[in-house]
Structure formats: structure tokens, C-alpha cells
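What follows is calculated from the coordinates using simple rules that are stated; it is not laboratory data. Fair warning: this is a prediction, and the values are worked out from it, not measured in the lab. Neighbour counts run over all protein chains shown; Cβ positions are idealised from the backbone, glycine included.
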Amino acid sequence: MKKHNFGAGPGVLPDSAIQKSAEAVLNFNGSGLSLLEISHRSKDFDAVMVQAKSLVKELLGVPDNYSILFLQGGASTQFAMVAMNLLVKKAAYVESGVWANKAIKEAKLFGETQVIATSKDKNFNYIPKGYTVPTDCDYLHVTSNNTIYGTQMKSFPDSPIPMICDMSSDIFSRPVDVSKFDLIYAGAQKNMGPAGVTLVIIKNDVLGKTERTIPTMMKYETHIEGDSLYNTPPVFPIYVCMATLEWLKAIGGVPAIEKINQAKADLFYAEVDSNPMFVGTCEKEDRSNMNACFLLKNPELEEDFLKMAKDAGIIGLKGHRSVGGFRASMYNALPLESVKVLTQLMKDFALITA
Ligand SMILES: Cc1ncc(COP(=O)(O)O)c(C=O)c1O
């Protein structure tokens, strides 16, 4: 039985992408060689890189004056790399959860940081709003979706300074106006592919403002000039990203997946709000369509619910330790059917334990 994978990341991927990638590992393009044993500078791999980039550009509508990079080190490396390359004196951060905090911690290594808004007072269960973006900072850093707490920015500020966004857990899940941002980064392992590659979309003219000496591999210019091939790129993760984005394009692209994601989230939250056993943890207006955090009103029943979920083929529901309870991650490749199975389980659980 195929599992219903609600894991927060690495997350569920489309069957077609996994199948295609498995075939490429065994026999790439009928060449008699594995994708894993060919040169990253070969014509065949070059075609993969070109296709992956062009799908990112097409699906997100990336303007021509931006570079699209596939880097290593995860989104966590971007926390430092952003600051190293862009922080001259002071940077503004919105503190909306653990990942934003980690980004702030790294930026502090390179300059001053100003937390211009925070939701720490309520354990990050809402998105900070109503702040003014200071004009004396080098950039504003925001996190579009807070994977651990289950909150999502529904709109982005009109920033008078360059805006940087960590979109690790909701990239490609809804249309975004890329031109509002100067740099977007995202670890691939939620909506885009496997762990091991990080997408960076960067406006070319945002660079070159710091005099800092930056190690070669940590400099965006290195990877822009090298076309993500300065060193050996993670060929397999890039291939899986390409196959995943091909799937996304085939089902109608980002506007189509947004509708599906909305339907999944509506179905799920309607159940949480009507089921007497459960309660959501976040402010309703800020609830994430990707990660839904919820609790049992009687926490003593948690193990029973998880056991029943496991028996129904549902995995990955246990909440992050800083929130507790449960988290249902509903990334792009999770079928609506899986959410139907989960909501039915919640109904059944309420009936059995009433
Ligand atoms: C929003 C967000 N940012 C950053 C990270 C860290 O990503 P990585 O593990 O690729 O360094 C995660 C991981 O879950 C995340 O959800």
C-alpha cells in the first residue's frame, strides 16, 4: 500500500518524478550509464541543467534580470551566505519562527541585525504584521512559510529596501511575484525535489555592495559566472527537481497546484474546526496551506491517534517538539485523496473516543 506521507520534509514527491529518476540512475537516456557516473560537464547533463532552470523560470515567471542557481549546503547555508554577500552595515529581519531565528543568528556574524517584528510572544502562532520597513537597512529578510509553526505569509510587504525571502517550505505552491524580491532561496526537499540542492533566485544588480572578502564558494558571483557549475553540482537532486517540475508543468503549473493546495487546506481546516476532539494552533488568517499544526484537546489520546493513523497508512503526522501535537504537511505532491483519508480518520477517531 502506498503511504499517505504527511512528513514535513523531506516531503512527498510525485510518483512520476521518482520513477523517472530511478530509471535515470539505472540507465540515463539509454546511454548504458547511470546518471550518477557521467560527467557534470557532459552534453547530456547540460541538458538537464538547462531544462531544470528553464522550468524554474517558466513556472515562477522569473524575470530576465535574475539568475537561477542550484547550490549545495541547504537553506541553512543561505542564512549565512545572504548576510555575507548583502549585509554591509545593518539588516532587518522579521522573526516568525525557528528558521527566521537561525537566519538572524548567522547574519549577526557579519553585521548588525534589527528585528523589526516578531511573533515570539505567542510561540510564533501568527504572522507579524503592520510593521514599517526601515530604509536605513541593507535588506529585509522574511520567511514565507514557517514550517514548524504552520503559519504562512498571505501577502508580502512593499519593501523600500531589497527583500530576501526564505521560501523553503512553500516555493512552487502558489504564484509569487518574483520581481518583488531581490533574492529567494529554498531548500528543495519539500515542494521541489530531494535534499541536497538549494534553489537561489537572485536579482543580478543586488550584488557588489560589500567590500568583504568572501570565500569563493560562498560568493554568489562565483555561481552566477559558473552557471551553477563552478564545482561539481549535485547531479541527482537537480535531476529529481527537473522531473518534479516537469510533473508540475504537466498538471497545469503553479496556478493549478495552488487550487489543489487550497482545496486540501480547506478540507483539512474545516475538519479541525468542526471536530470536537481537535483544535488548530495558529491564528486562522495566517494558517499555512503547507503545514497544518493541530492538537488533541485531550493530549493523553495522542498515542492512540498516531497508532490509528499508522494503521491507516498515514505517516509523518507527529508535530515538531516546539509545538507538540500534530502537523499535517500537505506539499504539492500530496494527493487530495490523502487529506480525505486523514479527515475521515479524525471523524472516526471522534466517534470511537466520544
Ligand atoms: C523555512 C525553512 N527554512 C530553512 C530550513 C532549513 O533547510 P535545510 O535543512 O535545507 O538547511 C527549513 C527546513 O525545514 C525550513 O523549513
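Tabulated data for the structure shown
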{"read-out": "Some residue of region 241-248 being away from the ligand (no atom under 15 Å from the Cβ), touching a Pro at 6+ places or on another chain (Cβ under 9 Å) and under 30 Å from Lys90 (Cα atoms)", "value": "no"}
{"read-out": "Residue in region 281-294 that is out of contact with any helix residue (DSSP H, G or I) (no Cβ under 7 Å at 6 or more places or on another chain) and farther than 26 Å from Lys122 by Cα present", "value": "no"}
{"read-out": "Cβ pairs under 7 Å, 6+ apart, first in region 175-192 and of a type in the set (Lys, Arg), second part of a strand (DSSP E or B) and more than 8 Å from the ligand (Cβ to nearest atom)", "value": "Lys180/Met163"}
{"read-out": "Residue in region 26-42 that is basic (Lys, Arg), free of Cβ contacts under 8 Å to residues at least 12 places away in the same chain and surrounded by fewer than 17 Cβ atoms within 10 Å (Cβ to Cβ) present", "value": "no"}
{"read-out": "Single unsatisfied condition, Asn125 versus (1) surrounded by fewer than 24 Cβ atoms within 10 Å (Cβ to Cβ); (2) touching a Leu at 6+ places or on another chain (Cβ under 7 Å)", "value": "(2)"}
{"read-out": "Matching residues, region 169-198, being of a type in the set (Gly, Ala, Ser), part of a loop (DSSP other than H, G, I, E, B) and over 19 Å from Trp247 (Cα atoms)", "value": "Gly196"}
{"read-out": "Some residue of region 269-291 being among the small types (Gly, Ala, Ser) and not in a helix (DSSP H, G or I)", "value": "yes"}
{"read-out": "Residue in region 127-163 that is nearest to the ligand (Cβ to nearest atom), counting only those that are in a strand (DSSP E or B) and over 14 Å from the mean Cα position of the chain (by Cα)", "value": "His141"}
{"read-out": "Count - residues of region 318-341 that are touching a His at 6+ places or on another chain (Cβ under 7 Å) and not charged (D, E, K, R)", "value": "2"}
{"read-out": "Hits in region 274-296 (condition: surrounded by fewer than 12 Cβ atoms within 10 Å (Cβ to Cβ) and closer than 24 Å to Gly97 by Cβ)", "value": "Lys284, Glu285"}
{"read-out": "Subset tally (residues that are part of a loop (DSSP other than H, G, I, E, B), touching a residue at least 40 places away in the same chain (Cβ under 8 Å) and either more than 19 Å from Phe79 (Cβ to Cβ) or under 14 Å from the mean Cα position of the chain (by Cα) (or both)) for region 212-233", "value": "5"}
{"read-out": "Lys264 vs. criteria closer than 24 Å to Asn289 by Cβ, of a type outside the set (A, V, I, L, M, F, W, C) and assigned to a helix (DSSP H, G or I)", "value": "yes"}
{"read-out": "Per-region count, region 55-103, residues of a type in the set (D, E, K, R) and either within 23 Å of Tyr149 (Cα to Cα) or within 16 Å of the ligand (Cβ to nearest atom) (or both)", "value": "2"}
{"read-out": "Filtered residues of region 193-210 (kept if touching a residue at least 24 places away in the same chain (Cβ under 8 Å) and surrounded by fewer than 17 Cβ atoms within 10 Å (Cβ to Cβ))", "value": "Ala195, Asn204, Asp205, Lys209"}
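Residues are listed down the side, and each one gets a yes or a no for (1) within 18 Å of the chain's Cα centre (by Cα); (2) crowded, with 16+ Cβ neighbours inside 10 Å; (3) part of a loop (DSSP other than H, G, I, E, B):
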| position | (1), (2), (3) |
| --- | --- |
| Ala8 | yes, yes, yes |
| Gln19 | no, no, no |
| Ala24 | no, yes, no |
| Val48 | no, yes, no |
| Leu59 | yes, yes, no |
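Here is a yes/no grid of residues against (1) touching a Ser or Thr at 6+ places or on another chain (Cβ under 8 Å); (2) not in a strand (DSSP E or B):
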{"residue": "Cys293", "(1), (2)": "yes, no"}
{"residue": "Asp304", "(1), (2)": "yes, yes"}
{"residue": "Lys307", "(1), (2)": "no, yes"}
{"residue": "Arg327", "(1), (2)": "no, no"}
{"residue": "Asn332", "(1), (2)": "yes, yes"}
{"residue": "Ser338", "(1), (2)": "no, yes"}
{"residue": "Leu345", "(1), (2)": "no, yes"}
{"residue": "Leu351", "(1), (2)": "no, yes"}
